[in-house]
Amino acid sequence: MATMTEPNSPARVELRAVDASVMLKVRNLNTVLFPVRYTGTFYKCLLQDDQFARLAYYGSVCVGTVTCRKQPLGFAESNVVGQHTMCEMYMMTLGVLALYRRLGIARGLLESALAAAAQDPTIRRVVLHVQIDNDDALRFYHKHGFATVRMVERYYKLLDPPHAYLLEYPLR
């Protein structure tokens, strides 16, 4: 399991790459952190080369996760036509257990994902969806340079409210 040293992360926080040996930890965190239930295919895909996934450890306790995928530019807005050489990174999840919030852990996870995206010259932006009533998440992402692109009606099929905002962080 690879360990990433993040210069801006709190001293007791370690970010580690996700591999098959820790997939159960990712699944357990996602179950606690998010109202969306992810399928086995979601977790299997995290091991592919075009994915980015990290776990955050506070001491020896696994407390947070970020998962992203590389996709054709415009995919998040359903504007994909023809072949693509330009891409975007879609942030599927970013979360930290409640007891460990306000310690800079989410910022460290976010910065690690943004740095990974910036290293790939084909990735033009990072995008994600946030449920419209998740004010804490919206404040967090806006504080870190994301802008709201638009509202997507009925984005979440099984949540109330079902609407989401599409946010973006331009890289180039």
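The values are calculated or read from the model by the stated rules, or taken from the named source; none is laboratory data. Please read all numbers here as calculations on a predicted model, not as lab measurements. Using ideal geometry, Cβ is built from the backbone for each residue, glycine included, and neighbour counts are taken over all protein chains shown. What goes into the accessible areas is simple: the full protein's heavy atoms, side chains included, and nothing from ligands, DNA or RNA. Shrake-Rupley method; radii C 1.70, N 1.55, O 1.52, S 1.80 Å.
Restricting the stretch 145-155 to residues that are at pLDDT 95 or above and surrounded by 16 or more Cβ atoms within 10 Å (Cβ to Cβ), the residue that is farthest from A76 (Cα to Cα) is F146. Applying a threshold of 9 Å to beta carbon distances and a minimum spacing of six or more residues, or different chains, the list of pairs starting in the stretch 54-70 at a residue that is farther than 30 Å from T122 by Cβ and ending at one that is acidic (D, E) and surrounded by fewer than 22 Cβ atoms within 10 Å (Cβ to Cβ) reads Y57/E14; Y58/E14; G59/E14. Only residues that are surrounded by 16 or more Cβ atoms within 10 Å (Cβ to Cβ), closer than 23 Å to K157 by Cα and among the β-branched types (V, I, T) were counted across the stretch 37-71, and they come to 2. Out of L171, L158, one residue alone is in contact with a helix residue (DSSP H, G or I) (Cβ under 6 Å, 6 or more places away or on another chain), farther than 17 Å from L29 by Cβ and open to solvent by 40 Å² or more (accessible area, probe 1.4 Å). It is L171. Here L128 meets the list (1) open to solvent by less than 20 Å² (accessible area, probe 1.4 Å); (2) part of a loop (DSSP other than H, G, I, E, B); (3) of a type outside the set (F, W, Y) almost entirely, failing just condition (2). Would you call M23 closer than 22 Å to V149 by Cβ and either open to solvent by 20 Å² or more (accessible area, probe 1.4 Å) or polar (S, T, N, Q) (or both)? It is false that M23 is closer than 22 Å to V149 by Cβ and either open to solvent by 20 Å² or more (accessible area, probe 1.4 Å) or polar (S, T, N, Q) (or both).
Within the stretch 115-125, the set of residues being surrounded by 12 or more Cβ atoms within 10 Å (Cβ to Cβ) and part of a loop (DSSP other than H, G, I, E, B) comprises D120, T122.
Here H142 meets each of (1) under 21 Å from R172 (Cβ atoms); (2) at pLDDT 95 or above; (3) assigned to a strand (DSSP E or B) with one exception, condition (3).
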